[in-house]
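Just below is one structure, and these are the notes that go with it.
The values are calculated or read from the model by the stated rules, or taken from the named source; none is laboratory data. Computed from a predicted model, the values in this text were never measured in an experiment. When we count neighbours, we look across all protein chains shown, and the Cβ atoms used for this are built from the backbone with ideal geometry, even at glycine. We work out accessible area using only protein heavy atoms, side chains counted, and drop any ligands, DNA or RNA first. Shrake-Rupley method; radii C 1.70, N 1.55, O 1.52, S 1.80 Å.
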Amino acid sequence: MKKTMVKVIAILAIVVSSIVTTNAQELGVRFGDISGGNVAIDGVFSTGNFSRVHADVSFGDGVGIDLIWDFLYRPLAGEAFNWYVGVGPYVWIDDPFWLGAVGEIGLEYRFNAIPIALGADWRPAISIIENTDFHGKGFGINIRYIFNY
């Protein structure tokens, strides 16, 4: 049973990674405390002028997936700095299996001369399944390439 679930999850991770790499407006890497390890593939998909979906897929001892809707995404005191706030589900696929909700608050800088975005954020999480728990140490930094700059 566990081997079958691992295979299904691996296939799902490959499909999600393919979608992220083909449709993302920004694609890069996130370093820090992430569901599934300390490095993740980081993608951003625009859903409007001031909202977006922020997705991470990480591989470590298992597979971690965060899918966060940043419902506030606004410039801060200029065109290069933006701040964002969001919430969404996360899953950690391994033994034990974790499912819960993650929040996000962060700040990012977009370079004017090159298509790169740098960000720093905090992602507190509440685990619901397999155990109920609060994780408050989800600090990380992002570096992403901006497509169609």
Matching entry among 105, 65 (being touching a Phe, Trp or Tyr at 6+ places or on another chain (Cβ under 7 Å) and more than 18 Å from residue 120 (Cβ to Cβ)): 65
Taking the stretch 63-80 as the search range and keeping residues that are small (Gly, Ala, Ser) and more than 17 Å from residue 138 (Cβ to Cβ), which one is most open to solvent (accessible area, probe 1.4 Å)? 77
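Having 2 or more residues that are over 23 Å from residue 145 (Cβ atoms) and at pLDDT 90 or above is the bar; report the strands (runs of 3 or more DSSP E) wholly within the stretch 41-118 that clear it.
Where strands (runs of 3 or more DSSP E) fall fully within the stretch 41-118 and carry at least 2 residues being over 23 Å from residue 145 (Cβ atoms) and at pLDDT 90 or above, they are 81-93, 98-110.
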Only one of these is out of contact with any Pro (no Cβ under 8 Å at 6 or more places or on another chain), of a type in the set (A, V, I, L, M) and closer than 18 Å to residue 33 by Cβ: 87, 102. Name it. 87
May I ask you to verify whether residue 18 is at pLDDT below 80 and surrounded by 14 or more Cβ atoms within 10 Å (Cβ to Cβ)? no
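Could you list all residues from the stretch 126-139 that are open to solvent by less than 10 Å² (accessible area, probe 1.4 Å) and in a strand (DSSP E or B)? Full working, then the answer.
Taking the stretch 126-139 and keeping what is open to solvent by less than 10 Å² (accessible area, probe 1.4 Å), we get 127, 138.
Hit for the stretch 126-139 is 127, nothing else.
Conditions (1) within 14 Å of the chain's Cα centre (by Cα); (2) over 13 Å from residue 34 (Cα atoms); (3) open to solvent by 80 Å² or more (accessible area, probe 1.4 Å), marked per residue:
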residue: 58; (1), (2), (3): yes, no, no
residue: 82; (1), (2), (3): no, yes, no
residue: 92; (1), (2), (3): yes, no, no
residue: 117; (1), (2), (3): no, yes, no
residue: 143; (1), (2), (3): yes, yes, no
